[in-house]
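The values are calculated or read from the model by the stated rules, or taken from the named source; none is laboratory data. Here the structure is a predicted model, which means the values were calculated and not measured. Cβ: placed from backbone, ideal geometry, glycine included. Neighbour counts: every protein chain shown.
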Amino acid sequence: MALDGITVACLTHDINTKLSGGRISRIAQTESDELLLTVKGKDGQYRLLMSANASLPLLYFTEKNKQSPAQAPGFCMLLRKHIGNGRISEVTQPGLERVVRIKVEHLNEMGDPAVKYLIIELMGKYSNIIFTDENDMILDSIKHISGNISSVREVLPGRTYFIPDTQHKLDPLCISEPDFFNIVETKPLPAAKALTSSLTGISPLMGQELSERAGIDGDRPINTLSVDHKRRLYDAFAACMTDIKEHRFAPCIICRKGEPVEYAAFPLAVFADCEIRDVPSVSAAMESFYAEKNVITRVRQKSQDLRKILTTVLERDIKKYELQKKQLADTEKRDKYRVRGELIQAFGWQAEPGASRMIAQNYYDNDKETVIPLDPALTVSENAAKCFEKYNKLKRTNEALSQLVKETADEIEHLRSLQVALDIAQDEGDLAQIKSEMQLAGYVRKRGPQGKSGKQKKEPKSRPLHFLSSDGFHMYVGKNNIQNEELTFSLANGGDWWFHAKGIPGSHVIVKTEGKELPDRVFEEAGALAAAYSSERNADKVEIDYIERKHVKKTPGGKPGFVIYHTNYSLMAEPARAKTLQQLD
């Protein structure tokens with residue numbers, strides 16, 4: 001479910017229940033747009049993660065701790081100065097806005113009691129974390145929004161904080177019955193969309209949910225509903241608002257075929273055909289649902305520069321490759337000039353001086369008569385020499401272009417393998433290895449030592465993925481070419497089995513046999529991993545090559561992870577099956 005006003009209401013109640021009266025013991029800015037607050041509450045210690053990421057704004061409790069940068073950003077330092085060791089007195093939500101206000105009581109520099117507010121706005125690309133005083137004056141924010149960026153509201157130190165009312169929606173918690181029916185009778189929109197466009201905090205999914213609870217079609221124009229349908233829609237809406245006011249929430253994760261597809265503050269009738277998995281809190285639902293998505297979003301954002309470089313170089317190489325192939329095709333006619341030269345030498349005595357052409361019997365083509373153009377200004381022997389010269393030139397061009405075409409094709413394959421590596425990268429360590437490979441290949445300029453000490457910045461570590469098969473065999477998956485190289489030629493023994501998607505970029509998969517014979521199921525599961533971590537991971541089935549590791553050889557002078565092999569076996573694997581396998585740390 002979208003992080004709408006109803007979900008935020010459930011979240012606000014949960015945060016207020018746990019943190020009200022608690023003291024802030026630690027403030028960390030783990031990302032440029034993300035804070036992690038550690039609070040000692042009445043029932044123990046809690047970590048509250050808040051993110052103003054434009055693609056994935058988040059606010060939930062987590063048990064995981066994240067590493068902070070060596071030097072805290074200015075916004076984090078300001079928070080530590082003012083509200084470090086402050087007491088959270090209450091957590092509120094204005095109406096059903098996607099806004100959470102954390103009120104913090106603390107002692108100011110003079111030792112007098114003071115109040116500050118930490119405001120988390122969870123509004124998609126407009127998300128922000130804003131720090132204000134008791135008079136709503138902005139002290140600072142994690143994102144500065146100037147008048148050049150927004151004509152509606154500036155978010156800068158010294159400005160007054162307010163929630164912009166750009167769409168003039170009504171507060172559903174306070175709306176009267178007549179006002180609701182006024183919406184129903186005047187809006188020429190589908191029922192679900194009319195609710196979404198008129199009421200704060202109601203997402204499109206919630207609009208469909210209220211229509212479903214009322215037993216009406218959410219796509220039907222709301223002003224065409226019968227009196228009975230209008231009454232049922234209002235009753236469903238009013239009951240939902242009562243549940244929110246009285247904090248009657250039942251957080252859950254909605255699954256289809258075992259995979260989470262949504263989360264919600266209470267079970268949704270629109271997902272009646274799905275499995276409903278109860279969770280202790282909406283924070284638990286969000287953490288579980290967004291954990292993987294958040295990592296992917298972060299990695300993709302941090303890999304944008306590398307992706308842009310790869311795309312630019314790949315587009316250039318593809319154009320170059322097509323041009324080289326066209327030029328190579330033009331050299332295929334070289335033998336025609338050799339044959340002409342030989343025929344001129346053999347039958348040139350028949351040509352009249354100054355002739356522009358001659359006819360000869362081509363003994364390479366069953367003695368068929370062939371018309372050969374001549375340069376009237378040249379002698380017969382000079383015409384023959386000219387043909388041989390053109391043949392030799394085209395021959396040399398063919399040899400050079402053949403090598404260039406192969407080199408360009410190899411580079412394109414390498415670039416595509418790097419793109420796949422970026423697609424399956426899971427953390428900064430993976431990106432560091434990919435960047436290192438790009439530096440070695442000359443796609444990225446290698447920078448000198450960083451920092452005052454003059455030492456190179458230490459890159460985060462990255463390891464291959466580690467899975468356990470249903471039969472207890474260890475399976476390893478390389479996430480990039482460097483890891484593929486290490487798995488195949490360092491970790492694997494000759495008797496281990498090696499898997500790779502056939503003819504496309506992808507990961508090397510190694511199954512450690514420990515001298516045992518592998519059951520058929522292990523081959524299928526390893527094949528599923530090779531398919532899932534390839535460029536065709538979204539396909540229903542992928543052809544996989546597999547062979548004993550001792551038959552896999554490194555390509556002479558090739559890029560990292562590029563190999564050759566013969567007499568392999570093949571199987572068809574389903575990438576989706578990889579999701580059922582147990583992953584180890």
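What number goes with the only condition from (1) exposed (fewer than 15 other Cβ atoms within 10 Å of the Cβ); (2) out of contact with any Pro (no Cβ under 6 Å at 6 or more places or on another chain) that Ala214 does not pass?
(1)
Between residues in the stretch 179-195 that are within 15 Å of Lys169 (Cα to Cα) and residues that are part of a loop (DSSP other than H, G, I, E, B) and of a type in the set (Val, Ile, Thr), which pairs lie under 7 Å by C-beta distance while being six or more apart or on different chains?
Leu195/Ile202
Restricting to the stretch 126-155, count the residues that are assigned to a loop (DSSP other than H, G, I, E, B) and of a type in the set (Asp, Glu).
Qualifying residue count, the stretch 126-155: 3.
Any idea which residue in the stretch 412-430 is farthest from the chain's Cα centre (by Cα), counting only those that are crowded, with 20+ Cβ neighbours inside 10 Å and at pLDDT below 90?
Asp430
Identify all residues within the stretch 89-128 that are over 36 Å from the mean Cα position of the chain (by Cα) and farther than 20 Å from Ile142 by Cα; write none if there are none. Please lay out each step first, then the result.
Going through the stretch 89-128, the residues over 36 Å from the mean Cα position of the chain (by Cα) turn out to be 89-90, 104-116.
If the condition is that a residue be over 36 Å from the mean Cα position of the chain (by Cα) and farther than 20 Å from Ile142 by Cα, then Ser89, Glu90, Glu105, His106, Leu107, Asn108, Glu109, Met110, Gly111, Asp112, Pro113, Ala114 are the ones that fit.
If we keep just the residues of the stretch 116-153 that are in contact with a Gly (Cβ under 9 Å, 6 or more places away or on another chain) and not charged (D, E, K, R), which is surrounded by the most Cβ atoms within 10 Å (Cβ to Cβ)?
This residue is Ile138.
If Ile276 meets every condition in (1) surrounded by fewer than 19 Cβ atoms within 10 Å (Cβ to Cβ); (2) among the hydrophobic types (A, V, I, L, M, F, W, C); (3) assigned to a helix (DSSP H, G or I) apart from one, which number is that one?
Of the numbered conditions (1) surrounded by fewer than 19 Cβ atoms within 10 Å (Cβ to Cβ); (2) among the hydrophobic types (A, V, I, L, M, F, W, C); (3) assigned to a helix (DSSP H, G or I), the odd one out for Ile276 is (3).
Across the stretch 351-375, what is the total count of residues that are surrounded by 12 or more Cβ atoms within 10 Å (Cβ to Cβ) and more than 16 Å from Tyr337 (Cα to Cα)?
Selection size over the stretch 351-375: 2.
Please determine, by comparing only the residues of the stretch 340-377 that are in contact with a Ser or Thr (Cβ under 9 Å, 6 or more places away or on another chain) and β-branched (Val, Ile, Thr), which one is farthest from Tyr391 (Cα to Cα).
Ile359
Going by the structure shown, is Gly348 farther than 30 Å from Ser436 by Cα, surrounded by 13 or more Cβ atoms within 10 Å (Cβ to Cβ), in contact with a Cys (Cβ under 7 Å, 6 or more places away or on another chain) and not charged (D, E, K, R)?
Numbers: farther than 30 Å from Ser436 by Cα: yes; surrounded by 13 or more Cβ atoms within 10 Å (Cβ to Cβ): yes; in contact with a Cys (Cβ under 7 Å, 6 or more places away or on another chain): no; not charged (D, E, K, R): yes.
No; evaluated as a whole, the condition is false for this residue.
For (1) out of contact with any Asp or Glu (no Cβ under 8 Å at 6 or more places or on another chain); (2) not β-branched (Val, Ile, Thr); (3) not assigned by TED's automatic domain parsing to the domain that holds Lys541, each residue gets a yes or a no:
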position	(1), (2), (3)
Ser469	no, yes, no
Met475	no, yes, no
Gly478	no, yes, no
Gln483	yes, yes, no
Phe489	yes, yes, no
Gly494	no, yes, no
Trp498	no, yes, no
Ile504	no, no, no
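Filter the stretch 251-283 down to the residues that are within 15 Å of Gln208 (Cα to Cα) and of a type in the set (Val, Ile, Thr) and list them by number.
Once the filter is applied, which keeps residues that are within 15 Å of Gln208 (Cα to Cα) and of a type in the set (Val, Ile, Thr), the stretch 251-283 yields only Val270.
Tell me which residues, restricted to the stretch 376-386, are over 12 Å from Leu343 (Cα atoms) and either aliphatic (A, V, I, L, M) or out of contact with any Asp or Glu (no Cβ under 9 Å at 6 or more places or on another chain) (or both).
Pro376, Ala377, Leu378, Thr379
Which condition from (1) free of Cβ contacts under 8 Å to residues at least 12 places away in the same chain; (2) surrounded by 14 or more Cβ atoms within 10 Å (Cβ to Cβ) is the one that Phe266 breaks?
The number of the failed condition is (1).
Of Glu525, Glu536, which residue is closer than 27 Å to Asp410 by Cβ and either part of a helix (DSSP H, G or I) or not small (Gly, Ala, Ser) (or both)?
Sole residue among the options that is closer than 27 Å to Asp410 by Cβ and either part of a helix (DSSP H, G or I) or not small (Gly, Ala, Ser) (or both): Glu536.
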